[in-house]
1. Answer yes or no: is there a residue in region 202-221 that is of a type in the set (S, T, N, Q), loosely packed, with under 14 Cβ neighbours inside 10 Å and in contact (Cβ under 8 Å) with a residue 60 or more places away in the chain.
2. I'm checking my understanding of the structure. Among residues of region 239-281 that are under 26 Å from Val197 (Cα atoms), of a type in the set (A, V, I, L, M) and open to solvent by 60 Å² or more (accessible area, probe 1.4 Å), which one is farthest from the chain's Cα centre (by Cα)?
3. Quickly run through region 17-51 and pick out the residues that are in contact (Cβ under 8 Å) with a residue 12 or more places away in the chain, more than 23 Å from Leu279 (Cβ to Cβ) and open to solvent by 40 Å² or more (accessible area, probe 1.4 Å).
4. Could you grab me the full set of residues in region 165-177 that are out of contact with any Asp or Glu (no Cβ under 8 Å at 6 or more places or on another chain) and either under 28 Å from Ile220 (Cβ atoms) or open to solvent by 10 Å² or more (accessible area, probe 1.4 Å) (or both)?
5. I'd like to know if region 178-188 contains one or more residues that are at pLDDT 90 or above, more than 30 Å from Asp143 (Cβ to Cβ), open to solvent by less than 70 Å² (accessible area, probe 1.4 Å) and part of a helix (DSSP H, G or I).
6. Please go through region 229-247 and pick out each residue that is in a helix (DSSP H, G or I) and not basic (Lys, Arg).
7. Could you please let me know if Ala15 is closer than 21 Å to Lys156 by Cα and either part of a helix (DSSP H, G or I) or in contact with a strand residue (DSSP E or B) (Cβ under 7 Å, 6 or more places away or on another chain) (or both)?
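The values are calculated or read from the model by the stated rules, or taken from the named source; none is laboratory data. From a predicted model like this one, the values you see are computed outputs, not experimental measurements. When we count neighbours, we look across all protein chains shown, and the Cβ atoms used for this are built from the backbone with ideal geometry, even at glycine. For the accessible areas, the whole protein counts, side chains as well, though only heavy atoms, and no ligand, DNA or RNA atoms are used. Shrake-Rupley method; radii C 1.70, N 1.55, O 1.52, S 1.80 Å.
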Amino acid sequence: MGGQAVLEGVMMRGASTWAVAVRDPEGAIKLEVREVPGWAERYRNIPVLRGVMGLGESLGLGYRALTWSANQQVPPEQQVSDKAMGWSVAVAVVAFSALFIVLPALAGHSLGHLFHGSFPLIEGVVRLVIFIVYLLAISRLRDIRRVFQYHGAEHKAIAAYENGVELTPETAQQFSTAHVRCGTNFLLTVMVVAIFVYSVVPRPNLLAIVASRVVLIPVIAGLSYEVIRWSAKHMHLAVVRATMRPGLLLQKLTTRRPDLDQLEVAITSLRAVMTADQLADVDGRVGLRVPAVAPAV
């Protein structure tokens, strides 16, 4: 199970379906359920490549879920078109590249001579500082704080399911908002892995440096996926828990404690992607009190 927070809701992905549940301005829960494309599944046995393909598929689903959730919050005549959303994503990609690729590379190139052989480390530290400052800045926005609450609701709902307790907002509330497979943890892992990868890449000039950062994004993402995948299976080891702790702590910036209404939305989305066997399992638990919600049309 996995997912992401969207506007006033949560997207969950299961084995064969993905669903997004949101609470509309009138307070009702709306639900959209669709099949997972599944093309990334063909690469599940190829290390590194499976991470790249899985990330690509997840980004596509996330884009569709975010667009759908945004359109549930406004009247039909104000809904965002695919073209407008596409332009928004394009602008976001340019801003991301400038902020997290070009600027750290420039900083490393300018300051690396002060400490012999320190270019990748300085670049990585600058990238991390920018990331933390960015999270602190956007967390002051009311709408983003609510997204962070739904992010926490997503983690708590999945934790309740993984720990085999009754799947209700009240029982899910007892769990932490941190999760080892969180995208925040993944991004921190990407930044650390990038330091090691970039340290072996030639740096003849600034243009080559920036180009190598862009070209190597899939490789770094794939390697980071393998690190997270392995760590999630070995959290019983003290050294693994210690390694993952910075990423779990960083999630304090990207998650907030949700209320019970938000947890209800997350659980609704989670139940929608469960297989028949999984539903039979959770329905057999005492105290299940999640209302059935028909898919939106």
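1. No, the conditions are met nowhere in region 202-221.
2. This residue is Val239.
3. Pro25, Trp39, Pro47, Val48, Leu49, listed by residue number.
4. Once the filter is applied, which keeps residues that are out of contact with any Asp or Glu (no Cβ under 8 Å at 6 or more places or on another chain) and either under 28 Å from Ile220 (Cβ atoms) or open to solvent by 10 Å² or more (accessible area, probe 1.4 Å) (or both), region 165-177 yields Val165, Glu166, Glu170, Thr171, Gln173, Gln174, Phe175, Ser176, Thr177.
5. No, the conditions are met nowhere in region 178-188.
6. Hits for region 229-247 are Trp230, Ser231, Ala232, Ala238, Val239, Val240, Ala242, Thr243, Met244, Pro246, Gly247.
7. In short, no.
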